[in-house]
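First up is the structure itself, then whatever we jot down about it.
The values are calculated or read from the model by the stated rules, or taken from the named source; none is laboratory data. What you are looking at is a predicted structure, and each value in this text was computed from that prediction instead of being measured. So basically every Cβ, Gly included, is an ideal-geometry build from the backbone, and we count neighbours across all protein chains shown. Protein only, heavy atoms only, side chains kept; ligands, DNA and RNA dropped before computing areas. Shrake-Rupley method; radii C 1.70, N 1.55, O 1.52, S 1.80 Å.
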Amino acid sequence: ANPFTRRADLARHMKHVHGQPADQFLCSYRSCARSREGEEFTRKDHFRDHLRSYHLEDIGVNKGLRNPRTEEQKELLASRRIDAKWWTCAKYLVRRSVKVDGWDCPSCKVPCEMERKEAR
């Protein structure tokens, strides 16, 4: 009876429970408690959820949000925290300055999604 239905779930369990996690993600909001050493996220998916739900960032909730076709998806995007000066790379979860980096992430070379640019 294997409680892990996917091999990736077992690998994540082994890394985070039985090993030393290599990745650590500090929140980019200075007033946030998770922006301090010792309070970082060790899982990228939890950090993404934090940015999305706690700080209301416009990082895609799912593939549908990347291409908001329905009114519900457009309303969800409109309810997000949006700043014309910066955006967060959905892959690396790093805040990017529009003035410095433009609309392409210098780390992964992936551009900010069109709907997110237009919302700014």
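Rounded to the nearest 0.05, what FRET efficiency is calculated for T5 and C32 with R0 set to 41 Å and r the Cβ-Cβ distance?
The calculated FRET efficiency here is 0.80.
Give a residue-ordered list of calculated ³J(HN,Hα) values for region 27-32 (Karplus: 6.51 cos²θ - 1.76 cosθ + 1.60, θ = phi - 60°; whole Hz; x for Gly, Pro).
Working through the residues one at a time gives 5, 7, 8, 4, 7, 7 Hz.
How much accessible surface area, in Å² rounded to 10, belongs to the heavy atoms of H18 with a 1.4 Å probe?
Rounded to the nearest 10, that gives 120 Å².
Can you show me the helix-derived [θ] at 222 nm for the chain, built from DSSP H runs with n ≥ 4 at -39,500 (n - 2.57) apiece and divided by the number of residues, rounded to the nearest 500.
Dividing the helical sum by the residues of the chain leaves -9500 deg cm²/dmol.
What number in nm² do you get for the chain if you take the convex hull of its Cα atoms and divide its surface by four?
Average projection, Cα convex hull of the chain: 9.5 nm².
Can you give the accessible area of F41 in Å² (nearest 10), computed on protein heavy atoms with a 1.4 Å probe?
20 Å²
Return the long-range amide H neighbours of D58 (sequence gap of 5 or more, or a different chain), with a cut-off of under 5 Å between placed amide H atoms.
Residues meeting the criterion, in which the H sits 1.01 Å from N, are R81.
Spelling out what I want: for every residue of region 70-85, take phi, set θ = phi - 60°, compute 6.51 cos²θ - 1.76 cosθ + 1.60 (Karplus), and round to whole Hz; glycine and proline get x.
Rounded to whole hertz, the list is 8, 4, 4, 5, 5, 5, 4, 4, 5, 7, 7, 6, 10, 10, 5, 8.
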